[in-house]
Structure formats: C-alpha cells, structure tokens
Amino acid sequence: MKKLMLIFTIICICFTVNVYAEEDVIIRVGLYYGSSAKDSVEINVDGEITTYYPDDIDGQVDIVPEEFVKVNTSQYRGSIRLVRNSDNKINIINVVDIEDYLASVISKEMSPYFEEEALKAQAVASRTYAMAHLNKHKNDGFDVCQYIHCQVYGGVSMENPKTTKAVDDTKGQVIKYDGQLISAVYSASSGGYTESAVNVWGNDIPYLQAVSDEHEEEDVFGHKWTYELTVSKATEIMESKGYEIGTVTDIVINETTERGVVTKMTIKGTKGEKVFKKESCRGVFPNHTISQAFTVTPVGENTTIYTTSGVANKSEMYILSANGLSKSILNSVSFLDKKGVHSVPQTNYTKFVFEGRGYGHLVGMSQNGANGMAKQGYDYVQILTHYYQGTEID
Ligand SMILES: [Zn+2]
C-alpha cells in the first residue's frame, strides 16, 4: 500500500509542476519541525488514510492530492512534504501557492470581520512580508513557519470568504520602496501613534517612521491599557530570566521618545540593577507591558523624610560628620531615638502600575488603525502608503 502511495505521490509531483502557471509563487510552510516534529503522522489524501513513521521516509516524501490532503485532521491546500530529520522524526511541510497561503494567514492575523479595505491592506502587507522572507527558514528546509515568528497560518479551516476575497482582489500586489520589497511589519494597535523602527529595533528604515494613527477606535483591545505587577511577580520574572538583582525594589524609566515610547528602563533590586533598551523594555514583562509605550507608577510605602523646608530628596542628602560632609548611602543609614535604632528602609513598593497604549511593537501598519481608516473611507493603497511612508503598491 505504501509503495503504491509513493508511486502515486511521484506521479502527482510531475503533475503539479505543470499545474502552476509561471507567475504563481509557491511557498513552503513549516507546520511541524524541530521540537514539534512528529514520531508519526496520519495523512489523508482524497479520503485514503496512511500513517507514516520516520522509517517509511527515505529522505523526503511529497504527497500531492487530486482534491484534498489532511495532516491528522487539518486540511491544507497544495501538497504535503514529509522529511525524515536528523533526530529520526518527521518534519511536516505544506507546499502551497502563496495566494492560498495568504487566504488562511489573513484571517489569523486580522479579524475577517474587519472592513474590506483593511483586509485588502493586510493581504498586501502579508504577501509582501512573506515574499521578502522566503528564505527565513532556509536552514530548516522551508520558507516560513506557521507560527507568529513568521505569520500565523492554519490551512483551509482558517480561510474565510472575506479574507479569500481580499487576497483575490489584490492578487500579486506587493509594497515596494525604491523598487525593492519592503519589510512590511505590522502590529495590532498603536494607541494613536506608530513608532519608528530605529527606536524599537535600532535600524533606521526610511519607510518605517512614526506616523499619526488618529483613526484607530478607542474601544479596540490594546488602544489604552493598565496592568499591575506585584513586586513578588516582578522578582520571580527577573529570576526566571536569569537576572540576579535580588528582590525588585524599583522600576525607573530613563528615556522615552517624544511620543512616550520607552527606549531605556532600569529595574533595580536589592542585589543590583539591570538596564533595558529599546524593544527589550517591552519584552521583560511582556504580559504587563503589551507595547513599548507606557508609564510606570510604583505603589506602596516609601520612607519620607521631612525637613523644615518640606520633603527631603533622599538622593541629595548628605551626612555631616567629624570628617566633614559625606554622601549618604541611605540603606546603610540608621537613626537612634529613645526606643532604639531604626534603619532607613529603601523604597518599599508592593506593586507597579503600568499604563500604556498600543499592542505589539508599534512599527509599520497598525491593524486597528487600518480598520479605522477603512471606516473613514480610505482605500487599501491610501492605508498602506500612510503607514509605510514613501512606498508604492506594485
Ligand atoms: Zn518562522
């Protein structure tokens, strides 16, 4: 039976080569590989089910259906490639026309219930992103993975008539700057203003500049947000990431862009401190800072020292001793009164409150902003050239 399948497969491969027209772009999507590679997989080709084990695969097998193919229960367009990898497991790759790939991607990356022009903008951005990253997983033996690392893809079950229409209506169109495909990055929401790539990733890219995003609606997820992080949770997260700074005592924002995007932040602890820059300011507490645009307010007791002129700034306090004036190190200073010795504690915060705007990296197209623009009557070309300045749709 398996031999028959192989022969069938080989015949089908020859058949496929002729099926695709020259202008069609084929993309190889890694479904399972590396740690998600399979010990066995059930493939349903046009209703005929075969279970493959690594030993059944001599290098690689291409399975090309006449009508449909399923990997376990998930249906995919195009063909399925099984590769026996060096761990003697099966990598599973979907070899598919990029337009079919996009119909699934769009509905995973943007709600199918978004406006038609926003879905078309997403289709062109996703197509451009995919075309520009065809070699992203070259070393894994395919082009893109099915996860958020590339673009989220779910095969036929994720397609929607609205997303398929958006892909069809923009067939083959991509975004170019200076005649080259752009890196069409996008995020869910900007909260009112996108950010330039240089302040997030460090590379100054002419078409990825900060732009106003005033059409984004206020009730979308991530437009404005507040999250609380307890000191114990902050400490636990820092420890889990290998930063040995002891108990977190303070979180200080050192630098922001003019739009309030944090570009330098210090997390202080009882045993040291750690400085974060650019995108890592968002990444350290990703569930509490869902974008890089935020403020932080510590909550809890803080020792206050009053003087005749008001509250003293502890960082500007000095100690007068027989040897003269010396800078105070507050956590080593103690006071003596009738009841005994009292040390001056450092800040004694119990939690930090983050308030911010936007969801994601904030660079390039804001998906909710694109939807807002579409509702205001802008078309997909106007939407794309707003977020990707100086580009053209080709
Ligand atoms: Zn990937």
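Mind telling me which of the residues Thr73, Thr163 ends up being more than 16 Å from the ligand (Cβ to nearest atom), surrounded by fewer than 23 Cβ atoms within 10 Å (Cβ to Cβ), over 26 Å from Gln180 (Cβ atoms) and not aromatic (Phe, Trp, Tyr)?
None of the other options fit; the residue is Thr73.
Is it fair to say Lys120 is closer than 30 Å to Thr51 by Cα, assigned by TED's automatic domain parsing to the domain that holds Ser74, touching a helix residue (DSSP H, G or I) at 6+ places or on another chain (Cβ under 8 Å) and of a type in the set (Lys, Arg)?
No, not satisfied.
Suppose we keep only residues that are at pLDDT below 95 and not aromatic (Phe, Trp, Tyr) within region 106-125. Which one would you say is nearest to the chain's Cα centre (by Cα)?
Within region 106-125, the match that is nearest to the chain's Cα centre (by Cα) is Glu109.
Just one of the numbered conditions (1) surrounded by fewer than 23 Cβ atoms within 10 Å (Cβ to Cβ); (2) more than 16 Å from the ligand (Cβ to nearest atom); (3) within 15 Å of Ile27 (Cβ to Cβ) is not true of Val152; which one?
Val152 satisfies every listed condition except (2).
Please go through region 133-145 and pick out each residue that is in contact (Cβ under 8 Å) with a residue 60 or more places away in the chain and either within 8 Å of the ligand (Cβ to nearest atom) or in the same structural domain as Val185 (by TED's automatic domain parsing) (or both).
Once the filter is applied, which keeps residues that are in contact (Cβ under 8 Å) with a residue 60 or more places away in the chain and either within 8 Å of the ligand (Cβ to nearest atom) or in the same structural domain as Val185 (by TED's automatic domain parsing) (or both), region 133-145 yields His137, Val144, Cys145.
Say we look at region 166-184 and pick out the residues that are among the small types (Gly, Ala, Ser) and either in contact with a strand residue (DSSP E or B) (Cβ under 6 Å, 6 or more places away or on another chain) or under 16 Å from Leu102 (Cβ atoms) (or both); which of these is nearest to the ligand (Cβ to nearest atom)? Can you show your working first?
At the first step, the residues of region 166-184 found to be among the small types (Gly, Ala, Ser) are 166, 172, 179, 183-184.
When the remaining residues are screened for being either in contact with a strand residue (DSSP E or B) (Cβ under 6 Å, 6 or more places away or on another chain) or under 16 Å from Leu102 (Cβ atoms) (or both), the result is 166, 172, 184.
Numbers: Ala166: 23, Gly172: 23, Ala184: 15 Å.
Within region 166-184, the match that is nearest to the ligand (Cβ to nearest atom) is Ala184.
Would you check if Tyr193 is among the aromatic types (Phe, Trp, Tyr), under 30 Å from Glu117 (Cβ atoms), buried (at least 19 other Cβ atoms within 10 Å of the Cβ) and out of contact with any His (no Cβ under 7 Å at 6 or more places or on another chain)?
yes
The values are calculated or read from the model by the stated rules, or taken from the named source; none is laboratory data. A quick note: this is a predicted structure, and the numbers were derived from the prediction, not measured. Reconstructed Cβ throughout: ideal geometry from the backbone, glycine too, with neighbour counts over all protein chains shown.
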